[in-house]
Every structure is written in structure tokens, then in C-alpha cells.
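The values are calculated or read from the model by the stated rules, or taken from the named source; none is laboratory data. The shown structure was predicted, so the numbers you read here are calculated from the model rather than taken from an experiment. Here the Cβ positions follow ideal geometry from the backbone for every residue, glycine too, while neighbour counts run over all protein chains shown.
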Amino acid sequence: MNTRVFASPLFLGFDHLEQMIERAAKTSSDGYPPYNIEQTGPAGLRITLAVAGFTMDELQITLEDNQLVIRGRQADDGQGRVFLHRGIAARQFQRAFVIAEGIEVKGAWLDNGLLHIDLARPQPEARIQHIKIARPGRPQPATVDQGGNEE
């Protein structure tokens, strides 16, 4: 039994989408750190992660093959300290987001324990392609340009 999403022959050229879905499924199901995704405008998105206790030097953001990866690694400064209760975990994390082709990372900043990452989705230009139908008895097919003029 084939469980591939795009196994049908009607889906031609969608291999990259299937790979993105597989990557998204493999990302950590761990809820740390918690995050929000908000729309900031018609073409803008913002990912906000709660990374209290991390400094800018302990955070890393990379874009790897349509995957936005945020990593955090705290230096273990608990050496020599005696905790009566340790409820704030000093742990590393990796959070990945699969993003669509063409989405650009505009910037990131850390403010009051929240890491904000701004993304922009460029608006595609409208493309209209006119296709001429060849008349009977015409040996060569008509070619098409973007303006719809036959060449």
C-alpha cells in the first residue's frame, strides 16, 4: 500500500512539496520553546519564540533548504551554585519551521525574553499567457509570447 501524499500521476512535479511535508513531520513535537506566528500585514509574517534566559550569543537562526531553524544553547552557569529548587531549565533547543519558496527572512531581534523573526512573502506578479489555436492545414504550431502575440 502506497501512503505517499503525491503518489497519483495527476500530481506531476510536486516532489519538493512531499519532501517539505516529510521534513515538517520530522520536526520536534516538543513544545519548547513556545511560539506564536502572526500576520503583520498583507505579505508579512512574524514568528515569536519565548526564549527567556537566553542571550543573543546563545541563539542561532539559520535558513537551510526552505527550513528556518532556531537553535538555543545556554552556557551552564550553574556550576558552583546550590539550587534549593530548579524550575528554570538550562537546556538547549532546536525549533524548525518549513517555509514556502520565496519567503524571505527580513530580520530578527531579541526583546524582553522574546525572539522575533520577521518574514516577508513577496507578492507574485500576475502572469497571463495567451495560447493561439492553430488553423487546419497549418503545419507548424503557433508560438506564444507573454503579450499573447503570435510569433
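Observations on the structure shown:
- Residue, nearest to Gly102 (Cα to Cα), within region 52-81, restricted to residues that are in contact with a Leu (Cβ under 9 Å, 6 or more places away or on another chain) and of a type in the set (S, T, N, Q): Thr62
- Residues (in a strand (DSSP E or B) and aromatic (Phe, Trp, Tyr)) located in region 83-140: Phe93, Phe97, Trp109
- Any chance Gln74 is modelled with pLDDT of 80 or more, in contact with a strand residue (DSSP E or B) (Cβ under 6 Å, 6 or more places away or on another chain) and surrounded by 10 or more Cβ atoms within 10 Å (Cβ to Cβ): no
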